[in-house]
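See below for the structure under consideration.
The values are calculated or read from the model by the stated rules, or taken from the named source; none is laboratory data. The model shown is predicted, which means the values in this text are computed figures rather than measured ones. Every residue, glycine among them, receives a Cβ derived from its backbone with ideal geometry; neighbour counts consider all protein chains shown.
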Amino acid sequence: MTYEITHEQRLELLEAHNNLRRALSMIGECNDLMMSDIKNLDILQYRLQSILKFTSRKDSDGNSMYWANWVLDWDDDDD
């Protein structure tokens with residue numbers, strides 16, 4: 001299975017990657033985390049989820065189990 005990622009998506013992931021590097025550096029050097037780092041981590045999670053088509057697991061009734069590890073979107077025809 002292959003995915004095509006647009007240039008715009010690559011730039012979004014690059015920005016998120018750099019934000020992650022800054023947050024990890026802050027944690028490592030200062031043993032602290034800024035609120036803006038938390039926001040950036042949330043944005044990174046959303047971008048990864050959207051671009052790479054991750055979805056939350058569902059229970060037997062079809063309810064989202066948002067707290068569990070996410071999985072690949074099974075609606076993808078290439079699976």
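A single entry from Asp59, Asp75, Asp42 fulfils the requirement of being over 19 Å from the mean Cα position of the chain (by Cα) and either modelled with pLDDT under 90 or over 23 Å from Thr2 (Cβ atoms) (or both): Asp59. Selection over segment 22-77 of residues that are of a type in the set (Gly, Ala, Ser) and part of a loop (DSSP other than H, G, I, E, B) gives a count of 4.
Table: residues versus (1) touching a Phe, Trp or Tyr at 6+ places or on another chain (Cβ under 6 Å); (2) aromatic (Phe, Trp, Tyr); (3) in contact (Cβ under 8 Å) with a residue 24 or more places away in the chain; (4) loosely packed, with under 10 Cβ neighbours inside 10 Å.
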position: Glu12; (1), (2), (3), (4): no, no, yes, no
position: Met26; (1), (2), (3), (4): no, no, no, no
position: Glu29; (1), (2), (3), (4): no, no, no, yes
position: Asp37; (1), (2), (3), (4): no, no, no, no
position: Arg47; (1), (2), (3), (4): no, no, yes, no
position: Ser56; (1), (2), (3), (4): yes, no, no, no
position: Trp70; (1), (2), (3), (4): yes, yes, no, no
